[in-house]
1. Out of curiosity, is residue 129 more than 18 Å from residue 51 (Cβ to Cβ), in contact (Cβ under 8 Å) with a residue 40 or more places away in the chain and in contact with a strand residue (DSSP E or B) (Cβ under 7 Å, 6 or more places away or on another chain)?
2. Considering 139, 178, 168, which residue is surrounded by fewer than 19 Cβ atoms within 10 Å (Cβ to Cβ), touching a residue at least 12 places away in the same chain (Cβ under 8 Å) and either under 20 Å from residue 46 (Cα atoms) or outside the structural domain of residue 16 (by TED's automatic domain parsing) (or both)?
3. For region 120-136, which residues satisfy the criterion of being surrounded by 20 or more Cβ atoms within 10 Å (Cβ to Cβ) and part of a loop (DSSP other than H, G, I, E, B)?
4. Go through the residues of region 11-19 one by one and say whether even a single one is under 20 Å from the mean Cα position of the chain (by Cα), over 24 Å from residue 180 (Cα atoms), at pLDDT below 95 and in a helix (DSSP H, G or I).
5. Just need a number here: residues in region 137-155 that are more than 14 Å from residue 35 (Cβ to Cβ), part of a loop (DSSP other than H, G, I, E, B) and in contact with a strand residue (DSSP E or B) (Cβ under 6 Å, 6 or more places away or on another chain).
6. So residue 158 ticks every box in (1) more than 15 Å from the chain's Cα centre (by Cα); (2) in a strand (DSSP E or B) but one. Which box is left unticked?
7. Out of all the residues in region 182-191, which are closer than 19 Å to residue 119 by Cα, out of contact with any helix residue (DSSP H, G or I) (no Cβ under 9 Å at 6 or more places or on another chain) and part of a loop (DSSP other than H, G, I, E, B)?
């Protein structure tokens, strides 16, 4: 663990002023902690160095890829979009829904693609900071929840800064967006097969997803 302090900026007050520096940090392979509509995330660009750094900070299992936050369907149009995937995206994006789509051309690198299937998890976040970042960056942002191993994800800027410190992320820039409303993580739907399958029920219950795509498979969580 590093004893150095992680840099932090209150983006609620200074977003316009600091956005160019944040994007430059990302383009140089840097990693950021940032708020989403669910919890604080940790991520960078899809460069090999940024992916390696994020995975190292989280001690990420090799079989668990990072998901991507994107600006819209058009940014990942070359992934294989089934009719069901398009219907789900139209109904619930921007929102807490991650769609797992095939990447048949290998557009995205290891660490983002699922081993074996070469699928990629993508989501459009409604958080205005994420939208501004993606617009300025001009490409996807990797995302994993910002938490220490076995602990809940950070839900405030202060918690995010503390988690980054515990992870030894002295080179991680924390974007303090304040406290977030309590929320479950995004729901995850695998759209690589003949029928979409809910592989994690989160903020969007399966019953609501079925209103858009009745053939979706997966049981609801009751607890």
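The values are calculated or read from the model by the stated rules, or taken from the named source; none is laboratory data. Source: prediction; values computed, not measured. Ideal geometry is used to build each Cβ from the backbone, glycine not excepted, and the neighbour counts take in all protein chains shown.
1. yes
2. Just one listed residue meets the conditions, 139.
3. If the condition is that a residue be surrounded by 20 or more Cβ atoms within 10 Å (Cβ to Cβ) and part of a loop (DSSP other than H, G, I, E, B), then 124, 125 are the ones that fit.
4. no
5. Of the residues in that region, 1 qualify.
6. All conditions pass for residue 158, except number (2).
7. Correct list: 186 only.
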